1. Tell me the helices (runs of 4 or more DSSP H) entirely within the range 1-116 that contain at least 3 residues that are under 30 Å from Gly285 (Cβ atoms).
2. I'd like the full set of residues that are part of a helix (DSSP H, G or I) and aliphatic (A, V, I, L, M), limited to the range 228-247.
3. Given the conditions (1) under 24 Å from Pro236 (Cβ atoms); (2) at pLDDT 90 or above, which single one is not true for Thr101?
4. Check whether at least one residue in the range 212-223 is at positive phi and at pLDDT 70 or above, and report yes or no.
5. I'm told His125 meets every condition in (1) at pLDDT 95 or above; (2) over 30 Å from Trp277 (Cβ atoms) except one. Can you identify the failing condition by its number?
6. Scanning for something over 25 Å from Phe235 (Cα atoms), small (Gly, Ala, Ser) and loosely packed, with under 14 Cβ neighbours inside 10 Å, does the range 7-16 turn up at least one residue?
7. Could you tell me whether the range 124-137 includes any residue that is in contact with a strand residue (DSSP E or B) (Cβ under 8 Å, 6 or more places away or on another chain), of a type outside the set (A, V, I, L, M) and more than 20 Å from Gly232 (Cα to Cα)?
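The values are calculated or read from the model by the stated rules, or taken from the named source; none is laboratory data. Bear in mind that the values here come from a model prediction, so they are computed numbers and not experimental data. With ideal geometry, Cβ positions are generated from the backbone for all residues, glycine too; neighbour counts draw on all protein chains shown.
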Amino acid sequence: MCQAFSCLVTKSGKVYWKAGVDSHDSICELFVDPELVDDKLPPDNTFARVEIIPPRGDYLNTDFGKWNHQIDEKVKPSFLKPKHKKLCLEAFEKWTEEVYTFNVEEAKNPIHPLKITPPEITEEHIELLKKWDSVWDSVRASVGDSVRASVGASVRASVGASVWDSVWASVRDSVRASVGASVWDSVWASVWDSVWASVGASVWDSVWASVWASVRDSVGDSVWDSVGAYCGSLFPIKEWKYVDYTNPLFVKGEYPFQSCVDLWKQGLVPSFNGKVWRLRRGAKGEVLYTL
């Protein structure tokens with residue numbers, strides 16, 4: 001299975017890669033080079049499939065010097081020399097500079113809203129909840145079940161049998177049975193459409209492990225979109241999928257789900273039961289306000 005960082009290195013020393021594309025076959029289709037024609041039997045190949053991956057598949061490990069260089073070929077091409085490894089490592093450095101522009105430290109140590117003592121509910125919090133309601137409703141109207149299905153399929157195709165697969169398989173039925181995952185769809189469609197395929201899965205995995213289970217148990221499955229909104233805030237994406245920028249609610253260049261994140265960081269988690277919104281706090285999901 002292809003993993004990030006994936007590249008192709010040719011006999012003459014050219015390295016081909018594209019951020020967000022982990023499949024060697026897809027990379028091969030993106031570039032035109034006679035050396036990329038897979039018409040010679042190994043070990044006489046004129047190019048080699050290479051991966052540089054983090055220890056234990058942890059894409060939040062930014063100690064890049066400890067990432068593992070490996071040849072993804074059953075038979076190692078005979079042309080490979082130390083210079084080819086060096087060229088791949090140089091390309092890998094450029095990839096890290098392009099991809100690791102998100103908030104890595106917060107992804108490693110995500111904010112847990114139920115461990116924060118929230119303030120007294122004020123008009124400011126109510127306005128944030130109202131804005132989140134409007135944003136959520138607008139994005140949900142833009143994302144139907146067919147789109148959710150296609151997004152899920154494209155994400156699974158992008159990351160293969162990664163942590164996303166196990167997470168998606170275990171929760172999708174309960175999520176679809178609740179209020180839907182519209183904001184989550186927007187966040188992940190945007191992240192995967194950008195440059196963070198395998199890396200995005202690790203961000204999700206980190207938040208999942210630290211936050212999701214306890215928040216879900218306290219607040220319920222409708223918090224899925226809140227978790228998605230928080231995860232999305234870690235990525236510097238300027239234009240988000242399924243967001244109607246003709247709506248005055250949204251401004252290009254601004255994070256569209258910031259109202260939820262502002263509540264989250266104050267220890268307030270929005271939940272929705274199909275009729276009313278609530279602001280909750282603490283391990284027991286105590287209701288502080290109903291809209």
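1. Those helices (runs of 4 or more DSSP H) span 104-108.
2. If the condition is that a residue be part of a helix (DSSP H, G or I) and aliphatic (A, V, I, L, M), then Ala229 is the only one that fits.
3. (2)
4. no
5. (2)
6. Yes: the range 7-16 contains one or more residues that are over 25 Å from Phe235 (Cα atoms), small (Gly, Ala, Ser) and loosely packed, with under 14 Cβ neighbours inside 10 Å.
7. Yes - at least one qualifying residue is present in the range 124-137.
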